[in-house]
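Visitor: Before we start, here is the structure in question, set down as C-alpha cells.
The values are calculated or read from the model by the stated rules, or taken from the named source; none is laboratory data. Worth saying up front: this structure is predicted, and the values here are computed from it rather than measured. Positions of Cβ are backbone-derived with ideal geometry, glycine not excepted, and every protein chain shown enters the neighbour counts.
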2 protein chains.
Amino acid sequence: MALPVSADLDEAMVTSALDRLLAATSGDMARVNALILERAESHVEMVPELARYLIEAGGKRMRPMLTVAAAELFGKASGAEIKFAAAVEFMHNATLLHDDVVDESDMRRGRPAARMIWGNPASVLVGDFLLGQAFMMMVETGDIEALGVLARAAAIIAEGEVFQLAKTRDLATTPAEYEQVIRAKTAMLFEAAAEVGAMAGGADEAGRLAMRAYGAELGCAFQLVDDVLDYRGESGAMGKNIGDDLREGKMTLPLILALAECDETERSLIVSALGRQDAPSETLAEIVAIFERYDTLSRTLERANKNVLAAREALSELPPSPMKALLADIAEFTVLRAY
Amino acid sequence: MALPVSADLDEAMVTSALDRLLAATSGDMARVNALILERAESHVEMVPELARYLIEAGGKRMRPMLTVAAAELFGKASGAEIKFAAAVEFMHNATLLHDDVVDESDMRRGRPAARMIWGNPASVLVGDFLLGQAFMMMVETGDIEALGVLARAAAIIAEGEVFQLAKTRDLATTPAEYEQVIRAKTAMLFEAAAEVGAMAGGADEAGRLAMRAYGAELGCAFQLVDDVLDYRGESGAMGKNIGDDLREGKMTLPLILALAECDETERSLIVSALGRQDAPSETLAEIVAIFERYDTLSRTLERANKNVLAAREALSELPPSPMKALLADIAEFTVLRAY
C-alpha cells in the first residue's frame, strides 16, 4: 500500500498536528465554546440539559476550528467567524441528534446517545432548536452571502442523508453513489465551515474557493477514515460499536468494494448480517476477514489519501504562512488517526 | 356562552371569508405553489415523493396566504413575499413531519401520515431538507432582517415543542403554561408569516408590529380551536382521529380546565386514558362528557374568541382597505369552523 505518509509514524507526531491546531485556535475557540453554551440556553430545561450533554461530550470540534482557522489564515478576522463557528457546530450537533434517531444508535462519543436518555422525540426537537439557533447566529453577522453558503449546506446535508437512507441495504450501490453520499452528508459541512471562515477573514474569491475545495476534500477523507474505523477501530475508539455501519445496513466503501469481488459464499455471509442489529460479533469478525482478504479497508484509506493530497493541493496557491502549514498537516492527521 | 358572532351563522357565510381570501390571493398563491413544488425537487427521488405527498394533501395554506395578504395590504409588494410565503409553508411542513414522528401519529390531513409510508427516518430527514430549502429561499430575497424574524421563529417553535413534550401527562400544567406552549409552537409561525409579509410589502414599523400582533392572536385562536376540534370535531374533520391529543398525553386547555374542577372519580377516568394510545373510544366519550359537564370546550372557544377580538383590534390602526376587512373576517372564520 503506497501512502504519502509513513505508516510507522510516531503516535506523538500524529497527535501533535491536532494539538498545534488546538493551540493556534485556542483563543478563538474559547469564545466559540462560550457562545455555544450561551446559545444552548433556554427557559425549557430539557433543551440545555440535552444540548449540553451532547456538546460537553466533546468531539474534536474540527468543523468550528476549521472556520476560525480559515478566518485567521486570511488575517482580517471580523469577529463574524466566532458566530459562524458556533453555528457550524450547532448544525453538526443537530445532525448528530437526528442521525442517532434515524440510525437507532445507542452510543455516541463513547456515551449513551441522547435519545437513550431523553428519547427520540426530544432528540428530534432539540436538533430543530439548535438549527434555529444556528441561523439566528448567522443572521447576527449580517453577512447574507455567508448565510447562503450555510443554508445551502443544510439542505444538501439532509438530501445526502436521505440518499444514504434510500441506499440502505442496496447491494448494487456503486462507489460513485457512495462518494455522492459522503460529499453531501459529511464533506458539505467541512466545505461550508472553511468557506464561511475564509469569507469572515476577508478572503478574495480565489481564497474562498481554495478553502472551499480544501474543506470538501478534508471532509471526504474524514468520512472515509470513519468508515474504515467502523470496522477496524479498537472497540470504543470511535465512541461507537464496531460494525455499527453493517448492522445498520449502511453501504460504505469497504463493503461496496468487497461485494464487487467476493465469491458467493462470502456474499451470503455479508448479506446475512447486513442491516441486522442482532448480527453476532463472530459474523462481524468473519466479514472483516473478508475485507482484509480483498484489502478493502486499505484501499479505502488509499482513497482517503487521495483526498488528503487534493486538500493540500487546494492550499497550494495561497501564500505561505504557519496557519497554512498547519492546515496541510491537519489534512494528513485526518488519515493518520486510522493507523 | 357569549360569543361576538352568531352561533347559528349560515355555513355559506363562514366559508365565504376563506373563499374570498383564496380569491384575493389566488394570483400570488399560484406563484407560491409553483415555487413550493419547484423547491421540493431533488435528485434523490424519495425527497420530492415524500414532500409532494404531504404538500399536495393540501391543508388550507393559511400561513403563506397570510404572508402574501400582508404584503398586499401595504401595497408595495416587492416579489420577496412569494419566497417568504413558500419558505413559511416549508417551515410548517417540516414541523408537521417532525411532529408526526414525535407524536407517533398515524394520520395527517385525512391520509396516512408520511412516516407510515416512508418511515420515521425519512420523515425526520425530509423535514430537515425542507427547512434548509426554506432558508435558501429567504436568502434569495436578500432581506436579512426578515430572515432573522423567521430564524427566530424556527428556534422558538422547536423550543415550544420541547416544552410541550416536557409537559406531556403533567397533570399540574397550568393554563399559563399551555398558553406559553401554543404561543411558541403555533402562533409564532403565524406571527412571523404576517410580519415578513408586511416587511416585503413595505410596511413601516407600526404596520409591521400591527401585523405581527394580528398573526400571533390569529395563531392562538387557531390552535385553541384545533384543540377543541380534537375532542369535538366529526371524525375526520381534522384529518386526524378524535381524542388523539388525550391519547398522546397532550395537556390542552379543555383538559386542563376540566382537571381543575372535576371530582376524584372523573379525574381517575381521565388519568386512566391520558397518554394511552389504546384508550377505548367509550372512555373517550365519557371524558368528552366530563368536558361538557364543566363546559371546558365552550370556555376554550371563548378564549379563542378573545384572541380573535385582539387580532381585529391589532388591525384597527391600519388604514381601511378591502384586504384589511378580509383579514378581520378571516380571524372570525378561524373560530367559526368549530361550530
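Visitor: Can you spot a residue in the range B:99-111 that is under 26 Å from B:GLY197 (Cα atoms) and either in a helix (DSSP H, G or I) or polar (S, T, N, Q) (or both)?
Guide: Yes: the range B:99-111 contains one or more residues that are under 26 Å from B:GLY197 (Cα atoms) and either in a helix (DSSP H, G or I) or polar (S, T, N, Q) (or both).
Visitor: Please pick out the residue among A:ASP128, A:ASP143 that is of a type in the set (Asp, Glu), farther than 17 Å from A:ALA216 by Cα and touching an Asp or Glu at 6+ places or on another chain (Cβ under 9 Å).
Guide: A:ASP128
Visitor: Could you check how many residues of the range B:21-50 are in a loop (DSSP other than H, G, I, E, B) and either away from chain A (no Cβ under 14 Å) or of a type in the set (Val, Ile, Thr) (or both)?
Guide: From the range B:21-50, those in a loop (DSSP other than H, G, I, E, B) are B:25, B:40-45; that's our starting set.
Applying the additional criterion that residues be either away from chain A (no Cβ under 14 Å) or of a type in the set (Val, Ile, Thr) (or both) yields B:25, B:44.
Final tally of qualifying residues: 2.
Visitor: Here's another thing I want to ask about it. Could you list all residues from the range A:77-103 that are at the interface with another protein chain (Cβ under 9 Å from one of its Cβ atoms) and either crowded, with 24+ Cβ neighbours inside 10 Å or more than 18 Å from A:LYS60 (Cβ to Cβ) (or both)?
Guide: A:ALA94, A:HIS98, A:VAL101, A:VAL102, A:ASP103 - these are the residues of the range A:77-103 that are at the interface with another protein chain (Cβ under 9 Å from one of its Cβ atoms) and either crowded, with 24+ Cβ neighbours inside 10 Å or more than 18 Å from A:LYS60 (Cβ to Cβ) (or both).
Visitor: With the checklist (1) crowded, with 20+ Cβ neighbours inside 10 Å; (2) within 8 Å of another protein chain (Cβ to nearest Cβ) in hand, flag the one item B:GLY142 doesn't pass.
Guide: (1)
Visitor: If I ask for residues that are buried (at least 24 other Cβ atoms within 10 Å of the Cβ), aliphatic (A, V, I, L, M) and within 17 Å of B:LEU147 (Cα to Cα), which ones from the range A:107-136 would you list?
Guide: A:LEU130, A:LEU131, A:ALA134, listed by residue number.
Visitor: Any idea which of (1) touching a helix residue (DSSP H, G or I) at 6+ places or on another chain (Cβ under 6 Å); (2) among the hydroxyl-bearing types (Ser, Thr, Tyr); (3) within 11 Å of chain A (Cβ to nearest Cβ) is the one B:TYR214 doesn't satisfy?
Guide: Here B:TYR214 clears every test but (3).
Visitor: Are there any pairs, at least 6 apart or on different chains, whose C-beta atoms fall under 9 Å, with the first in the range B:77-90 and modelled with pLDDT under 95 and the second part of a loop (DSSP other than H, G, I, E, B), and if so, which?
Guide: So the pair list comes out as B:ALA77/B:GLY201; B:ALA77/B:GLY202; B:SER78/B:ASP143; B:SER78/B:GLY201; B:SER78/B:GLY202.
Visitor: Okay, moving on. Within the range A:121-139, count every residue that is more than 7 Å from every other protein chain (Cβ to nearest Cβ) and more than 19 Å from B:VAL139 (Cβ to Cβ).
Guide: Adding up the residues that qualify gives 3.
Visitor: Next question. What residue, among those in the range A:178-205 that are crowded, with 24+ Cβ neighbours inside 10 Å and of a type in the set (Asp, Glu), is nearest to A:ARG63 (Cα to Cα)?
Guide: Among them, the one singled out is A:GLU191.
Visitor: Another question, if that's okay. Is it true that some residue in the range B:222-235 is over 17 Å from the mean Cα position of the chain (by Cα), at pLDDT below 95 and not in a helix (DSSP H, G or I)?
Guide: yes
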